[in-house]
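Single-structure report; data block below.
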Amino acid sequence: MEGGRGSHILLVEDEPVVQDLVATVLEEQGHTVRRCATARQVEAAIGDGFYDALVCDRTIPGLDGISLHRRLAQEGNPLAGRMVLVTGDPFEETLERFLKATRLPVLKKPFDLDALRETVAAVLQHPVPSVGRG
């Protein structure tokens, strides 16, 4: 996949405007995007799909992005290594420690659309296979 185009991306975002914008940008880049806005949708998506990358809001109803990452990592799910964390919250000690330990990319709302494109493209360059059941 040249530049990661044609990748399957799981988008976890509960704000409809942000979700639509991020999905549209990624789809314009040639990606297939599955959108989730609740913890239940995320669980179903991870259980029945395969994804090359995860773009995840730090907090959605019933789910914390940090906890999701920890669970994926504990399960040995390679998607944990291809995650972009999105946050509108101020950076605090827990988040700082998490980002330092994981070295995951983070996009702070409001973010530049070019930063979104570049960050996702960089994550897709990691040599990690798609995960989940296809």
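Quick note: the coordinates plus some simple rules give every number you see, no bench work behind them. Since the structure is predicted, the reported quantities are computational estimates derived from the model, not experimental observations. In this analysis, Cβ positions are derived from the backbone assuming ideal geometry, glycine residues included, and neighbour counts consider all displayed protein chains.
Specify the inter-centroid distance of the stretch 41-86 and the stretch 93-107, based on alpha-carbon positions, in whole Å.
Spelled out, the Cα-based centre of one part sits 15 Å from the other.
Return the long-range amide H neighbours of residue 49 (sequence gap of 5 or more, or a different chain), with a cut-off of under 5 Å between placed amide H atoms.
For residue 49, whose amide H was placed from the backbone, the distant partners under 5 Å are 133.
Write down the percent of antiparallel bridges among all DSSP beta bridges whose residues are both part of the stretch 2-125, to the nearest 5. Could you put the intermediate results ahead of the total?
On the way: 2 of 18 bridges.
In the stretch 2-125, approximately 10 percent of DSSP beta bridges are antiparallel ones.
Report the convex hull volume per residue for the stretch 39-96, counting only C-alpha atoms, in Å³.
Working: hull volume 4.9 nm³, N = 58.
Roughly 84 Å³ of hull volume per residue.
Charges on Cβ only, +1 for Lys and Arg, -1 for Asp and Glu, centred on the Cα centroid of the chain; of 41, 9, 68, which one is farthest towards the dipole's positive end?
68
If you add up the charges near residue 97, with Lys and Arg at +1 and Asp and Glu at -1, over every other residue whose beta carbon is less than 13 angstrom from its beta carbon, what do you get?
On the way: positive: 70, 100, 103; negative: 92, 93, 96.
After counting each charged neighbour, the total is 0.
Give me the percent relative contact order of the stretch 1-108, please, defined on Cα pairs under 8 angstrom at least 6 residues apart. List each step's numbers first, then the result.
Values: 156 pairs, mean separation 25.5, N = 108.
That works out to 24 percent.
In terms of the Cα gyration tensor, with a ≥ b ≥ c the square roots of its eigenvalues, is the chain rounded because a/c is under 1.5, prolate because a/b exceeds b/c, or oblate? Spell out each step's value before the answer.
Working: a/c = 1.24, a/b = 1.11, b/c = 1.12.
Rounded.
Starting from the Cα of residue 48, step 7 Å along the direction of its Cβ; do the same at residue 21; then give the gap between the two resulting points in nm.
Label at residue 48, label at residue 21, 3.1 nm between them.
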